[in-house]
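*Asks:* A single structure is presented below for examination.
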Amino acid sequence: MFKKDGQLIVIALGGNAFLQKGEKGTVEEQWKNVYVAAKEIVGLIKRGYKVVVTHGNGPQVGNVMEWIEALKDKIPPLTMDIAGAMTQGWIGYMLQQAIQNVLIEEGLDHHYRAVTLINQVIVKKDDPAWNNPTKYVGPYYYNEEEIEKLKKERGWVIKPDPRGGYRRVVASPDVVDNVEKEAIKLLYENDFIVIASGGGGIPVVADEIGRLEGREAVIDKDLGGQLLASVVDADIFIILTDVEGAYINYGKPDQKLLKELKVSEAKKLLEQGIFGAGSMGPKVKAAIRFAEKTGKPAYIGHLYKLQDILEGKSGTKILPD
Ligand code: ADP
Ligand code: MG
């Protein structure tokens, strides 16, 4: 059983846990990648940690949106919140089975189980992000008539994509609360490895009496991950990705890994814009928020170096001031 005093780690898995650069994304490739992540996660269990896992869904939700639009004349289209729920099921299923199988191989399955939760995250009805949608989603359009029809009939905002053509854009609002947080706590306290808040969580808004309704939006998985980590009382938040951590002069010959940063130092660097806007930036921002809100450390590092990150041999550690 989990050690009573075992610390809780929330792990946020990046895209490379499912799809490596240069891969097509076949089912075989996905399983191969998921097993690598599952072994890392079970490694934490062996060291006495409790673990809650979250993950991104960018490429997967992109695929689902493409399928929906490609078949829209045959099957009525679904909304993005439903597409998000589908990816939580897809990726959650794979992680849950892989973790369970690794637990069996390690002889740990009598004590631990893995389970996935369909998980909603509350966003504000009046978030300023609604007035400025920035995230490109779904297929590319080139035909003006079709674009006008989509705007009129489906109320979409469509903008030229810098990569060419036109695409739908949706908002990326801030996160307020994790709806299923009590269930996640109950599960991890009872020896479940919980997979939650996939793709940052399914965006929903709440009315005056708390009834929920889905919204078509993209939640940043690092932002949703830090919310998850703080509402389930994580001791440590770790964002795993495909680089060693946050660098100064990233990609240049003199790039340097930032090994340890206080929140105030990290904020200054973030303001200087040295971290990629849609990539490393949100990770540093999420790590800052977690450390600031909880007084506990957050780490950013490479998926394959999880144990080294915890031993301080790899990754970027962000600490409260
Ligand atoms: P994930 O799927 O894990 O969220 P992202 O592609 O969103 O992955 O973010 C990781 C990427 O951030 C790295 O592969 C790297 O190319 C990019 N990046 C941008 N700026 C930096 C920086 N200053 N230090 C490290 N990586 C950076
Ligand atoms: Mg990312």
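Read-outs throughout are calculated quantities, based only on the coordinates presented, and are distinct from any laboratory measurement. Remember, it's a predicted structure, so these values are computed and weren't measured experimentally. Quick reminder, even Gly has a Cβ in these numbers, built from the backbone with ideal geometry, and neighbours come from all protein chains shown.
*Asks:* What lysines sit close enough to Lys268 to cross-link, taking a C-alpha to C-alpha distance under 16 Å and skipping anything fewer than 8 places away on the same chain?
*Replies:* Lys259, Lys283, Lys285, Lys317
*Asks:* How big is the chain along each principal axis, measuring the range of its Cα positions in Å and listing the largest first?
*Replies:* Largest to smallest, the principal-axis extents are 60, 47, 46 Å.
*Asks:* Determine the gain in length on full extension of the stretch Glu23-Asp191; use 0.36 nm per residue of separation and subtract their C-alpha separation, reporting nm with one decimal.
*Replies:* Full extension from Glu23 to Asp191 adds 57.0 nm.
*Asks:* Here's something else I'd like to know. Against the longest principal axis of the chain, how steep is helix 27-46, in degrees 0 to 90 to the nearest 10, with axes from Cα atoms?
*Replies:* It works out to around 30 degrees.
*Asks:* When the dipole is taken about the Cα centre of segment 1-115, and only Lys, Arg (+1) and Asp, Glu (-1) are charged at their Cβ, what size is it in debye, to the nearest 20?
*Replies:* 400 debye
*Asks:* Right, something else. If the viscosity is 0.890 mPa s and the temperature 25 °C, what translational diffusion coefficient in µm²/s does Stokes-Einstein give for segment 206-303 when Rh comes from Kirkwood over Cα pairs? It would help to have the intermediate numbers written out before the result.
*Replies:* Values: Rh = 14.6 Å.
Rounded, D is 168 µm²/s.
*Asks:* Moving on to the next point. Using only Cα atoms and rounding to the nearest 10 degrees, what angle (0 to 90) does helix 144-154 make with the longest principal axis of the chain?
*Replies:* So the inclination is approximately 70 degrees.
*Asks:* So what's the convex hull volume per residue for the Cα atoms of segment 15-155, in Å³?
*Replies:* Taking the convex hull of the Cα positions in segment 15-155, it is 162 Å³ per residue.
*Asks:* Considering only DSSP beta bridges where both residues belong to the chain, give the percentage that are antiparallel (nearest 5).
*Replies:* 40 percent
*Asks:* Which aspartates and glutamates, on any chain, are close to Lys252 with Cα under 18 Å apart, when same-chain ones fewer than 8 places away are left out?
*Replies:* Straight-distance partners of Lys252: Asp242, Glu244.
*Asks:* So if I take the centroid of the Cα atoms in segment 32-47 and the same for segment 123-197, what is the distance between those two points in Å?
*Replies:* Centre-to-centre (Cα) distance: 29 Å.
*Asks:* Can I ask one more? Under 26 Å from the Cα of Lys151, which lysines turn up, not counting those fewer than eight places away in the same chain?
*Replies:* Reachable lysines: Lys72, Lys74, Lys124, Lys125, Lys135, Lys159.
*Asks:* Now for a different question. How do 17-28, 97-108 rank on mean C-beta neighbours within 10 Å, highest first?
*Replies:* Listed from highest to lowest mean packing, they are 97-108, 17-28.
*Asks:* For the residues Arg163, Arg47, Arg215, what sequence is obtained by ranking on other C-beta atoms within 10 Å, fewest first? Intermediate values should be presented prior to the final figure.
*Replies:* Working: Arg163 8, Arg47 13, Arg215 20.
Ranking Arg163, Arg47, Arg215 by Cβ neighbours within 10 Å, fewest first, gives Arg163, Arg47, Arg215.
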